[in-house]
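So the structure is just underneath, and the comments pick up after that.
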């Protein structure tokens, strides 16, 4: 593997802060960038809160805590990314925004820098085409919450080189993740299999097949799933599920990917799941 020491993370929201934290805990120096100071402060506060809980639970000690924080270098500028060895993009799920960011990074970063996008549904090849280094661009799709979830999907665009894949595979493993490789098709592995399952559960509920509790308990106890599909949909966010389903349906034109009417109505009503306090279940807000 190439000598990877400095990691850039563009975006310090829920996913970005988790990726930055895990990278710093794995011994990397990490530049974390957000578009303004308020969002940056919120992201850093989130990282410290997670680490505080880990200290309280005895998972890490104070020395580990301070060492991790010392490796994090927050900024609201792109220029500090110039010398990064790997940059992971974790911004809004819009192809135009990602292409604009990668084109800007392409102009300021050293030629060897590898770019990775955390997209869960957009074509990596289209993002890579915005750069003059498409062979050094791939997908690196983490799962939420990043410090807990052990999987990373490594996505090969049409232009991604074998060397880039090898470096990112080794990097993901050093983060303590299991890395699975997928081709650049919508949904990759997990969402292509998971989304139709969740949509079917919503259809079953909407058609009155069973109660929400019985659908969830059926899959938990009958299929040994740790969480029922309606609860999982709430945790993912019904707006996110609706968006990804539409992306998959637009690509494949298969009915199993079509969002059911109930999902659309719930999104329009602002019933987005756990983050909104109400979805298929109610969630008390702090």
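All of the numbers you see were taken from the coordinates with simple rules; none came from a lab. Being a predicted model, the structure only gives us computed values, none of them experimental. Every residue, glycine among them, receives a Cβ derived from its backbone with ideal geometry; neighbour counts consider all protein chains shown.
Computed log10 I(q)/I(0) for the range 63-178 at 0.11, 0.17, 0.18, 0.19 Å⁻¹: -0.36, -0.87, -0.97, -1.07, from the Debye equation with unit scatterers placed on every C-alpha and solvent omitted.
Length gained on full extension, residue 112 to residue 250: 46.2 nm, using 0.36 nm per residue less the C-alpha separation.
Full extension of the chain between residue 174 and residue 132 gives 12.3 nm of extra length, using 0.36 nm per residue less the Cα-Cα distance.
Based on every Cα atom in the range 12-62, Rg and the maximum pairwise Cα distance Dmax equal 11.2, 34 Å.
Using a Debye calculation, one point per C-alpha and no hydration shell, please list log10 I(q)/I(0) for the range 8-115 at q = 0.14, 0.15, 0.16 Å⁻¹ in order. Log10 of I(q)/I(0), two decimals: -0.54, -0.61, -0.68. Among DSSP beta bridges lying fully in the chain, give the percent that are antiparallel, nearest 5. Of all bridge pairs located within the chain, approximately 20 percent are antiparallel. For the pair residue 55 and residue 243, the difference between a 0.36 nm per residue extended length and the Cα-Cα distance amounts to 64.0 nm.
Given the options 180, 155, 244, which has the most mean-square fluctuation in a GNM of the chain, springs set between C-alpha atoms less than 10 angstrom apart? It is 180.
Principal axis extents of the Cα atoms in the range 162-286, from largest to smallest and rounded to whole angstrom, are 51, 35, 32. Computed from Cα atoms, the angle from the helix 14-25 axis to the main principal axis of the chain rounds to 50 degrees.
Remark: relative contact order (the range 114-241) = 18 percent; criterion is Cα-Cα distance under 8 angstrom and separation of 6 or more residues. Of 220, 278, 132, the sequence from fewest to most neighbouring Cβ atoms within 10 angstrom is 132, 220, 278. Working from the Cα coordinates of the chain, the gyration tensor eigenvalues give, after taking √(5λ), semi-axes of 33, 23, 17 Å in decreasing order. Helix 37-56 and the long axis of the chain differ in direction by around 80°, with both axes built from C-alpha atoms. Rg over Rh for the range 170-238 works out to 1.09, using Cα positions for both radii and the Kirkwood form for Rh.
Against the chain, whose longest principal axis is taken from its Cα atoms, helix 95-108 shows a tilt of about 10°.
With a cut-off of 8 Å between alpha carbons and a minimum separation of six or more residues, what is the relative contact order of the chain in percent?
On the way: 495 pairs, mean separation 37.1, N = 286.
The value is 13 percent.
Simple spin-label estimate for residue 95 and residue 209 gives 3.3 nm between the two label positions (7 Å along the Cα-to-Cβ direction from each Cα). I'd like the distance between the alpha-carbon centres of the range 113-137 and the range 1-35, rounded to an integer number of Å. Between the Cα centre of the range 113-137 and that of the range 1-35, the gap is 17 Å.
Taking 7 Å steps out from each Cα toward its Cβ at residue 185 and residue 38 produces label points 4.3 nm apart.
Would you calculate the separation in nanometres between label points at residue 67 and residue 235, each defined as 7 Å from the Cα along the Cα-to-beta-carbon direction? Distance between label points: 3.0 nm.
Assign one of three labels to the range 81-138, namely rounded, prolate or oblate, based on the Cα gyration tensor with a ≥ b ≥ c the square roots of its eigenvalues; rounded applies when a/c is under 1.5, prolate when it is not and a/b is larger than b/c, and oblate otherwise.
Numbers: a/c = 1.68, a/b = 1.58, b/c = 1.06.
The shape class here is prolate.
Here the range 208-282 was treated as a single set of alpha-carbon atoms; its pair distances binned every 10 Å from 0 give 20, 45, 33, 2 percent. Our helix-only sum for the chain, with -39,500 (n - 2.57) per DSSP H run of n ≥ 4 divided by its residues, gives a mean residue ellipticity at 222 nm of -14500 deg cm²/dmol. Distance distribution P(r), the range 125-232, all Cα-Cα pairs, bin width 10 angstrom from 0: 14, 33, 27, 17, 8, 0 percent.
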